[in-house]
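**Student:** To start, I am sharing the structure in question, which I have written as C-alpha cells.
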Amino acid sequence: MVKEMPKGLIILANGFEESEAIITIDLLRRAKIELDLVSMEKELNVISSGNITVVCDKNIKTINLNDYEFLIIPGGKAVFNKHLESYTTKSIVEFFMNKNKLVACICAAPMILGKYGYLKGIEYICFPGCESDEFAGILVDKTAVRVNNIITAKAMGATFDFAELIIEYLLDEKTSNKVLNDVYYQKTTK
C-alpha cells in the first residue's frame, strides 16, 4: 500500500513575507508534499510585503479544512494587518490545534499562537520584539523549534530550518536532508 502524501495549506494575506512563504512552498513541494496557497483576501491575488503579487490556488471561503493535514502561516505585515484581528484566522488555527494537526508559524506569525494561548508552557521562537510575557511560553534562542504539533521559527533567515522541521514532521529526516542537500543548503547552528 502506498502511503498518501500529506496535504496542507499556507494562508496568505496582503503584506505576507514573500521569502518565508515562497521558500517554504518550494522546499515542501520538492519533498512532494502537496500544498495549497490560500488567499485570505477577496481575490486570489495577494500582494507580499515586498509588493510582489502571488496568485493563490484557492480562496479561504471556498475550502474545506478537513481536506488538510497541516497549516502554515508566514510572517510579515499581514500578521499585524490581518491575522491578529481575524476571526477566520483564529478559527483556522483552532481547527488544526483541536485536531492535533501541525501548525507552523514563522517570524511574527507565532504571535497568533501566543494570542490564543497555544504557546503556554512550551518552547517557541519568533521575530525579536514579537514575543510577549502574555504568551506564557518559553522563548528560546534558536532559528526554529518544534514542540509536539507546533513549529515556530525566528525570521526570513530561518526559513530553510523552518521548512526542514516541517518536512521531518510530515515525512522523515532522510527526506528533509535530501531536499536540503539538493539545494546545497549548508546548515548553521540551530
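The values are calculated or read from the model by the stated rules, or taken from the named source; none is laboratory data. Because the structure is predicted, anything quoted here is derived from the model rather than measured. No Cβ is skipped: glycine too gets one built from the backbone with ideal geometry, and neighbour counts run over all protein chains shown.
**Student:** Being surrounded by 18 or more Cβ atoms within 10 Å (Cβ to Cβ), of a type outside the set (Gly, Ala, Ser), in contact with a strand residue (DSSP E or B) (Cβ under 6 Å, 6 or more places away or on another chain) and not in a loop (DSSP other than H, G, I, E, B) is the filter here, so list the residues in the range 120-157 that pass it.
**Tutor:** Across the range 120-157, the qualifying residues are Tyr124, Val145, Ile150, Ile151, Thr152.
Per-residue answers, yes or no, for (1) under 23 Å from Thr159 (Cα atoms); (2) aliphatic (A, V, I, L, M); (3) in contact with a Gly (Cβ under 8 Å, 6 or more places away or on another chain); (4) modelled with pLDDT under 95:
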residue: Ile47; (1), (2), (3), (4): yes, yes, yes, no
residue: Cys56; (1), (2), (3), (4): yes, no, no, no
residue: Glu69; (1), (2), (3), (4): yes, no, yes, no
residue: Ser86; (1), (2), (3), (4): no, no, no, no
residue: Asn98; (1), (2), (3), (4): no, no, no, no
residue: Ala108; (1), (2), (3), (4): yes, yes, yes, no
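**Student:** With respect to Gly76, is the statement that it is modelled with pLDDT of 95 or more, surrounded by fewer than 19 Cβ atoms within 10 Å (Cβ to Cβ) and over 23 Å from Glu4 (Cβ atoms) true?
**Tutor:** Answer is no for this residue.
**Student:** Hey, another quick one. If I filter the range 1-16 for residues that are of a type in the set (A, V, I, L, M, F, W, C), out of contact with any strand residue (DSSP E or B) (no Cβ under 8 Å at 6 or more places or on another chain) and without any contact (Cβ under 8 Å) to a residue 12 or more places away in the chain, do I get at least one hit?
**Tutor:** Within the range 1-16, one or more residues are of a type in the set (A, V, I, L, M, F, W, C), out of contact with any strand residue (DSSP E or B) (no Cβ under 8 Å at 6 or more places or on another chain) and without any contact (Cβ under 8 Å) to a residue 12 or more places away in the chain.
**Student:** So Leu165 clears everything in (1) assigned to a strand (DSSP E or B); (2) out of contact with any Asp or Glu (no Cβ under 9 Å at 6 or more places or on another chain) except one condition, right? Which one?
**Tutor:** (1)
**Student:** A follow-up question, please. Here are some residues: Lys154, Lys99. Which one is over 12 Å from the mean Cα position of the chain (by Cα) and not polar (S, T, N, Q)?
**Tutor:** Of Lys154, Lys99, the one residue that is over 12 Å from the mean Cα position of the chain (by Cα) and not polar (S, T, N, Q) is Lys99.
**Student:** Take Gly114 and tell me if it is in contact (Cβ under 8 Å) with a residue 60 or more places away in the chain and touching a helix residue (DSSP H, G or I) at 6+ places or on another chain (Cβ under 9 Å). Lay out the reasoning, then the answer.
**Tutor:** Details: in contact (Cβ under 8 Å) with a residue 60 or more places away in the chain: no; touching a helix residue (DSSP H, G or I) at 6+ places or on another chain (Cβ under 9 Å): yes.
Spelling it out, it is not the case that Gly114 is in contact (Cβ under 8 Å) with a residue 60 or more places away in the chain and touching a helix residue (DSSP H, G or I) at 6+ places or on another chain (Cβ under 9 Å).
**Student:** Can you pull out the residues in the range 149-179 that are hydroxyl-bearing (Ser, Thr, Tyr) and within 22 Å of Glu131 (Cβ to Cβ)?
**Tutor:** Passing the criteria: Thr152, Thr159.
**Student:** Of everything in the range 170-185, what is of a type outside the set (Val, Ile, Thr) and either surrounded by fewer than 18 Cβ atoms within 10 Å (Cβ to Cβ) or in a loop (DSSP other than H, G, I, E, B) (or both)? Give them in sequence order.
**Tutor:** Across the range 170-185, the qualifying residues are Leu171, Asp172, Glu173, Lys174, Asn177, Lys178, Asn181, Asp182, Tyr184, Tyr185.
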